[in-house]
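See below for the structure under consideration.
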Amino acid sequence: PKVIVLDETHVQADRKLFDNLKSATDKVEGSRFISISTAGLNQNPEAIGWEIYRRTRDILLGTIDDPTTFAVIVEADRDRSPDDPETWRQANPNLGVSVSLAGIKAAMQYAREVPSGRYEKYAKHLGWWAEAGTALFDMERWKKLANPTISADDFSGWTLFVGVDLARTRDLTAAV
């Protein structure tokens, strides 16, 4: 092949298709392999989408020198509010032109109201990779419950019990 375009790399079940296509373009002088993707919900080191994102980031940061790769990442800064239209614009430079402002606004409202769909919306519309597609807790509400005045000294003399459940597959690891 002279040109291969693989879109939505983050949802590839494994790396077999990517590796096969890449191998095909490696054999043809002047061929191009173009991989395009939004952020995804799988930060497993073996996930091809996450691997490509990390490698692309490292190329852009200069920790990997690869003059054969044209690398672009468009994502919003993680320290910005997901409710701020300027955050939306960071990840969607064509906002209001080919990217619907009303659509992004509705998606972010959905993300506020439905914690289980939040990370999917953040990945697709803000470029924020996540480790899971759903949230067990609404972390924004959880953070608001914090009491910054409490310290470890407040519990001096208390008896402490720790319960630990170590995950062996895809369940949760917990320490209580």
| 5 angstrom amide H check on S35, placed H, neighbours 5+ away | L6
| field | For the stretch 15-20, Karplus couplings with θ = phi - 60° (6.51, -1.76, 1.60), whole Hz, Gly/Pro x | value | 8, 4, 5, 4, 4, 5
| remark: In whole Å, largest first, the alpha carbons of the stretch 1-77 cover along the principal axes 37, 29, 18
| task | Specify, per residue and in Å³, the volume enclosed by the convex hull of the alpha carbon atoms belonging to the stretch 43-91. | result | 102 Å³
| task | Report the convex hull volume per residue for the stretch 76-163, counting only C-alpha atoms, in Å³. | result | 120 Å³
| query | For the chain, what's the relative contact order in percent, using C-alpha pairs closer than 8 Å and at least 6 residues apart? | reply | 17 percent
| field | Of all accessible heavy-atom area on the stretch 101-176, the percent that carbon and sulfur account for (1.4 Å) | value | 58 percent
| message | How much accessible area per residue does the stretch 63-156 have, counting only protein heavy atoms and a probe of 1.4 Å, in square angstrom? | response | 70 Å²
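The values are calculated or read from the model by the stated rules, or taken from the named source; none is laboratory data. Everything numeric here is computed off the predicted structure, so don't read it as measured data. Surface accessibility is based on the protein's heavy atoms, side chains included, excluding ligands, DNA and RNA. Shrake-Rupley method; radii C 1.70, N 1.55, O 1.52, S 1.80 Å.
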